[in-house]
Structure formats: C-alpha cells, structure tokens
1. For the range 79-118, what number results from the quotient of the Cα radius of gyration and 2.2 N^0.38 Å?
2. Students often get this wrong, so try it: which of (i) 17.1, 59; (ii) 18.3, 58; (iii) 24.5, 71 is Rg and Dmax of the Cα atoms in Å as calculated from the structure shown?
3. Over the range 82-141, with the other protein chains present, what is the accessible area per residue in square angstrom, probe 1.4 angstrom?
4. On the protein heavy atoms, probe 1.4 angstrom, tell me the percent of accessible surface of the chain carried by carbon and sulfur.
Amino acid sequence: MGGGSGALVPIRFLAMLAHLLALIVFALSRKDNVIVSLKFDYSSSEFNDADREMLAACLLMVGCFLVLSFGFFGGFSMFSPGLALLHTTLHVIGGILLSVTVLDKWHYVTVWYTFGFFSALPACVELGAIFDVLVMHKARW
C-alpha cells in the first residue's frame, strides 16, 4: 500500500455500504416507482408484471453485492488501488442514481441501466479478481 492508497479501503467500504443502503431503500419503495410508471388505468396483471421485474432487478443487485462483499472481505481485491478506485466510483454513482430514482420516481426500466453499469459491471470485475487469485495464483497484496 502506497502513500495515498491506504484511504481507498475505508472509502470503498463506505461507498459500498451507501450503495447497499440506497438499494434497500429502493427495494422497500419500488411499488411507488411501478405505480408512477404505469398508465392511469392499469390492470393488476400489468402492475404484478412490472413489480416482478423490479423485484428481479433488486434481487440481482443483491446477488452482485454478495459477490462484491465476498471479494472485498475475502481480501481478493481489498488492497488493489485500481480496483478500489473503480469500485468506489461505481458505488458512489450507483447509490446516487438509486437515491434519485426513489426521490424523483423515475420509470422502473431505468433501474436495469443502473444495475448493468453500477452493479453487474463491478461484480464481473470482482469475479475477475477472484479468478486471478484463486485460479491464476496471482497475489494481490
């Protein structure tokens, strides 16, 4: 760990925690986003389909957080400054976007873009770091 990279570990942890809290708030208020996104005279089947889609996005984001947590707390990518900076940036932006989605009642389809760029992408990078350590036997620390 170099001079300034020591602060990246706690900052990354706090950014990951803030993104997770934004996801929890979003999951608990997802019905509001679904109702606002549907037409005025929606049927219960339309609501149920949209709500299931939102629930699927939330569960996939939780799955990505499990991968990220395993990689972080397992030490696979904890002390890599490049990965820490990437993860911190993506978690901060993802948390802000989820918060704005809740506050401004954005259309529920926009959550899939947030999922793709700010949950799935870091999870794939983390899986790559885990693969490097476990399979390729590259030490990260």
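The values are calculated or read from the model by the stated rules, or taken from the named source; none is laboratory data. No experiment lies behind these values; they were computed from the predicted model shown. Calculation scope for accessible area: heavy atoms of the full protein, side chains included, ligands and nucleic acids excluded. Shrake-Rupley method; radii C 1.70, N 1.55, O 1.52, S 1.80 Å.
1. Rounded to two decimals, the normalised Rg is 1.33.
2. (i)
3. Result: 54 Å² of accessible area for each residue.
4. Result for the chain: 74 percent of the exposed heavy-atom area is carbon or sulfur.
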